[in-house]
2 protein chains.
Amino acid sequence: MNTLYQNHLIRVEIETSEIPWLKIFSVQPYKEFSQCDPDTKVAILQALDVIEKAMLQTFQPAKINIASFGNYLPQVHFHIMARFNNDSFFPEPMWGKKQREGQLALELTAFYQTMAKTLAQHCG
Amino acid sequence: MNTLYQNHLIRVEIETSEIPWLKIFSVQPYKEFSQCDPDTKVAILQALDVIEKAMLQTFQPAKINIASFGNYLPQVHFHIMARFNNDSFFPEPMWGKKQREGQLALELTAFYQTMAKTLAQHCG
């Protein structure tokens, strides 16, 4: 477990990667997003918004990627990733065909420390 | 262009596939979801909700998948896909490694016809 933030509705975890990559889980074991209670939906969307803006501001990535699959783990969780022209998979999704050996050297630890504080401020 | 529904905020297109697969675009050329105006955000989320519920009710899929990448086309659009244990890629994402020759025979045309009406009812 690599939990960055948790409240009574959502839990945010770090995915270890060359890129900034966070996962937002519902605390309740909902299978699909449309089945979440309204408060959980809002909490997930608010966290997505806060994280995306922080990634854009901190890293100026080529693109933000958002995904919610859950085919292996059928519980609601959203991936949010900052993508770069020279990461190992761009422009393919992170689940696609590897394009190159990525040479990114991003300050991920500092970003996640700040992100934990920002989530606590914005998401209670 | 394979447009199923459009209003002044969003456009819903069909992705030709063995699975039920729709794409929701913002009409305005926003690059990132967090940069959308509030009305566009709500319209996208409302369409996602309506489509996901219709896919669940009609097909009883193993899982719904949602994704917003835009690495090739940097304009906000969300993919929403109904996934099945025997589709060609499950449990990998539709952008992952092919697992088998899928043998689905779903009534997609009828679903999309009904979906167009449902979107018009719920999304104005």
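In terms of distances greater than 23 angstrom between alpha carbons, the cross-link table entries A:LYS41/A:LYS98; A:LYS31/B:LYS31; A:LYS97/A:LYS117; A:LYS23/B:LYS98; A:LYS23/A:LYS97; A:LYS98/B:LYS23 yield A:LYS41/A:LYS98; A:LYS31/B:LYS31; A:LYS97/A:LYS117; A:LYS23/B:LYS98; A:LYS98/B:LYS23. Sorted shortest first, the separations between the B:ALA105 label point and its copies elsewhere in the assembly read 5.9 nm; each point sits 7 Å from Cα along the Cα-to-Cβ line.
Calculate, for chain B, the solvent-accessible area per residue in square angstrom, rolling a 1.4 angstrom probe over the heavy atoms of the protein chains.
Values: 5760 Å² over 124 residues.
On a per-residue basis, 46 Å².
The mean number of Cβ atoms from other chains found within 10 Å of a Cβ in peptide B:32-38 is 4, as a whole number. Compute the acute angle (0 to 90°) between the alpha-carbon long axis of helix B:108-123 and the principal axis of greatest extent of the alpha-carbon atoms of chain B; round to the nearest 10°. Relative to chain B, helix B:108-123 is tipped by roughly 30 degrees. Inter-copy label distances for B:THR16: 4.4 nm (label point placed 7 Å from Cα along Cα→Cβ; shortest first).
Output the Kirkwood hydrodynamic radius of the protein assembly as shown, Cα pairs only, in Å rounded to one decimal.
On the way: mean 1/r = 0.0537 Å⁻¹.
18.6 Å is the Kirkwood radius here.
Measuring from the axis that superposes chain A on chain B, report the chain A residue with the minimal C-beta distance, rounded to whole Å. Residue with the nearest Cβ, plus whole-Å distance, for chain A: A:ALA67, 2.
I'd like to compare B:61-67, A:3-9, B:10-16: which one has the highest average count of other Cβ atoms within 10 Å, and what's the full order after that? Could you put the intermediate results ahead of the total?
Values: B:61-67: 21.9, A:3-9: 16.0, B:10-16: 17.7.
Sorting B:61-67, A:3-9, B:10-16 by mean packing, highest first, produces B:61-67, B:10-16, A:3-9.
Taking every C-alpha pair closer than 8 Å and separated by at least 6 residues, the mean separation divided by the residue count of chain A gives a relative contact order of 26 percent.
Averaged over the residues of B:59-70, the number of partner chain Cβ atoms lying within 10 Å of the residue Cβ comes to 6. Sorting the segments A:41-48, A:85-92 by their mean number of nearby beta carbons within 10 angstrom, highest to lowest, gives A:41-48, A:85-92.
Distances between copies at A:GLN35, taken between label points 7 Å from Cα along the C-beta direction, are 3.5 nm in increasing order. With contributions of -39500 (n - 2.57) from each DSSP H run of at least four residues, the per-residue ellipticity at 222 nm computed over chain A stands at -10000 deg cm²/dmol. The distance separating the Cα centre of the stretch B:1-44 from that of the stretch A:12-37 comes to 23 Å.
Can you check how the C-alpha radius of gyration of the stretch A:3-117 compares to 2.2 N^0.38 Å, as a plain ratio?
For the stretch A:3-117, the normalised Cα radius of gyration is 1.07.
Pick out which of A:LEU73, A:LEU104, A:LEU22 has the largest mean-square fluctuation in a Gaussian network model of chain A, springs linking Cα atoms closer than 10 Å. Highest fluctuation of the listed residues: A:LEU73. Counting only other chain Cβ atoms within 10 Å of each residue's Cβ, the peptide B:85-97 averages 3. One chain, two ends: A:GLU101 and A:LEU45. Fully extended at 0.36 nm per residue, the span grows by 16.9 nm beyond their Cα-Cα distance.
The values are calculated or read from the model by the stated rules, or taken from the named source; none is laboratory data. Note that the coordinates shown come from a computational prediction; the quantities given were computed from them, not determined experimentally. For neighbour counting, all protein chains shown are included, and Cβ atoms are generated from backbone atoms with ideal geometry for every residue, glycine included. The area values use the complete protein model at the heavy-atom level, side chains included, leaving out ligands, DNA and RNA. Shrake-Rupley method; radii C 1.70, N 1.55, O 1.52, S 1.80 Å.
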